[in-house]
Amino acid sequence: KTQVEQSPQSLVVRQGENCVLQCNYSVTPDNHLRWFKQDTGKGLVSLTVLVHENDKTSNGRYSATLDKDAKHSTLHITATLLDDTATYICVVGDRGSALGRLHFGAGTQLIVIP
Amino acid sequence: VTLLEQNPRWRLVPRGQAVNLRCILKNSQYPWMSWYQQDLQKQLQWLFTLRSPGDKEVKSLPGADYLATRVTDTELRLQVANMSQGRTLYCTCSGTGGDNYAEQFFGPGTRLTVL
C-alpha cells in the first residue's frame, strides 16, 4: 500500500500564477517531511524540510506547511516561472538518522506555460 | 559543488546481461551512501544504505536483482542483474545521524534501458 500520496498527479498553470501541491501520508513514525524538485532526467534537489508539528517553512517562492496530526503537507509556489516546470516529490523520513528509510510519493508533475 | 559522481550516466543492457555501476563520493563529510531506484512510472524506492568499506548486501525486486558493495570510503558500487524493465539508479550521500533530519543528497543518476 502506498504510504505517501500526492495530489494532483499533474497540474498546468500559467507563468505568474500561484499553485498548491498536496501530500498525505501514513508513514509512522514520521520524523520529517521533505519536498524535492526533480527536473526531467535529473536527480532530486531538496526545496525544504519540515520537522515539527505545524512547521511552516519558506525558501524564496516556495513555502510549505506540515500538520503531523493530520499527516498532511502542502507546498505553495508563488509567481510561477517557466523553470518551475518539473516533478515535485514529497518524501517522508521515518528516522532522523542516515539509517532512516525515505518513503517517496509518486510526485506531482507541474507544467508552467507562458 | 557536486557531491556525487555516477558512472555510467546511461547504459543499454541486453536482456540477461548484468551491469556494474559506480558512485564516487566527493566530500567525506557525508559518508552514508545509499542506492535508490526510480522505475518507469517515476516511483522512487530505497534499495541499500552502506557505511563501511567491505559492506555488501543483496536484494531482489520486481524487474531486477541487486548486489551493492561499499568498496572504499569514497566508492559505492551496484551490480544490476536479470533486469527486465528499465529504471534509473540514484546514489545518495548523507551526514552522520542522530535525531537530526540528515539530508540525503542525490547524484545525477544512471539510466538503464533493457534491449
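The values are calculated or read from the model by the stated rules, or taken from the named source; none is laboratory data. Because the structure is predicted, anything quoted here is derived from the model rather than measured. Backbone-built Cβ (ideal geometry, glycine too); neighbour counts: all protein chains shown.
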Residues that are assigned to a strand (DSSP E or B) and either buried (at least 17 other Cβ atoms within 10 Å of the Cβ) or among the charged types (D, E, K, R) (or both), drawn from segment A:64-73: A:Ala64, A:Leu66, A:Asp67, A:Ser73
Answer yes or no as to whether A:Leu82 is surrounded by fewer than 14 Cβ atoms within 10 Å (Cβ to Cβ) and modelled with pLDDT of 95 or more. yes
Of the residues in segment B:79-96, those that are among the aliphatic types (A, V, I, L, M) and surrounded by 22 or more Cβ atoms within 10 Å (Cβ to Cβ) come to B:Val80, B:Leu89
Of A:Val91, A:Val49, the only residue that is within 11 Å of chain B (Cβ to nearest Cβ), under 19 Å from A:Val4 (Cβ atoms), without any contact (Cβ under 8 Å) to a residue 40 or more places away in the chain and not in a loop (DSSP other than H, G, I, E, B) is A:Val49
Which number in (1) within 13 Å of chain A (Cβ to nearest Cβ); (2) touching a strand residue (DSSP E or B) at 6+ places or on another chain (Cβ under 6 Å) marks the one condition that B:Arg77 misses? (1)
Taking B:Trp32 and the conditions (1) within 11 Å of another protein chain (Cβ to nearest Cβ); (2) modelled with pLDDT of 95 or more, which numbered condition does it fall short on, given that it satisfies the others? (2)
May I ask you to list the residues in segment B:50-80 that are in a loop (DSSP other than H, G, I, E, B) and more than 12 Å from B:Cys23 (Cβ to Cβ)? B:Arg51, B:Ser52, B:Pro53, B:Gly54, B:Asp55, B:Pro62, B:Gly63, B:Asp73
